1. Is it the case that Leu103 is buried (at least 18 other Cβ atoms within 10 Å of the Cβ), at pLDDT below 80 and among the aliphatic types (A, V, I, L, M)?
2. Please count how many residues of region 33-51 are at pLDDT below 85 and assigned to a helix (DSSP H, G or I).
3. Between residues in region 81-96 that are without any contact (Cβ under 8 Å) to a residue 60 or more places away in the chain and residues that are crowded, with 20+ Cβ neighbours inside 10 Å, which pairs lie under 6 Å by C-beta distance while being six or more apart or on different chains?
Amino acid sequence: MGRLAALLLSMLAVVLSIAACGRADEAEINQALGITPPPTVSAEQVATRESEAAAAASAQAAAASASPGTAGQAALGDVTRGGRQFLTQCSGCHSPGGRGPNLLQPGESGASVTAETLLTVLRDGVGHSTPPGPYSASRLSDAAIQDLAAYIQSRAAP
C-alpha cells in the first residue's frame, strides 16, 4: 500500500511540475489525470435555445387567445389544479348563494376571465373586496392564477 501511495504521489508531482512549467496544455493535463471535462454550451447555443423557448411560449400564448375552448384552456393553465385552487380559495364567495358573483355560471362574468385580468384582480385587489384579496405571490402563485383562469373559463364558457 505504501508503494502505491508513493507511486501515485510521484506521478502527481510530475504532472504538477509539467503543468507549472507551462509545457502541458489543459488537454494534456486532463488526459494525464484521467479527467473528462463536462461539455460547455456556447453563448450562441444559449441564445438559440432562449429564442426557441420564447418562440414556443409565444405560440402557446397565441393558441390560448386564438382558440377559445379546451386547446386555449390547456395552453392557459391546468384546469384540474385550477379546480382545486377554486375550491380552496374562491368557492366560499364565488358559488351560488355566495357574496361574490358566481364565476362558474355560464354566460356570467367568469366567461370573460383571462389570466391577465385575474392576476390584476387578485394581486392588486382591483374590483375584489378585502378580505380576502389582494393575494400575495407567496399565497397564490402566478401559475396558480393561470390554473384558476383555465378552470373558470372551462366552467363559465357559454
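1. In short, yes.
2. 9
3. His94/Leu103
The values are calculated or read from the model by the stated rules, or taken from the named source; none is laboratory data. None of these values were measured; they are calculated from a predicted model. Neighbour counts are summed over all protein chains in view; Cβ atoms, including those assigned to glycine, are modelled from backbone coordinates with ideal geometry.
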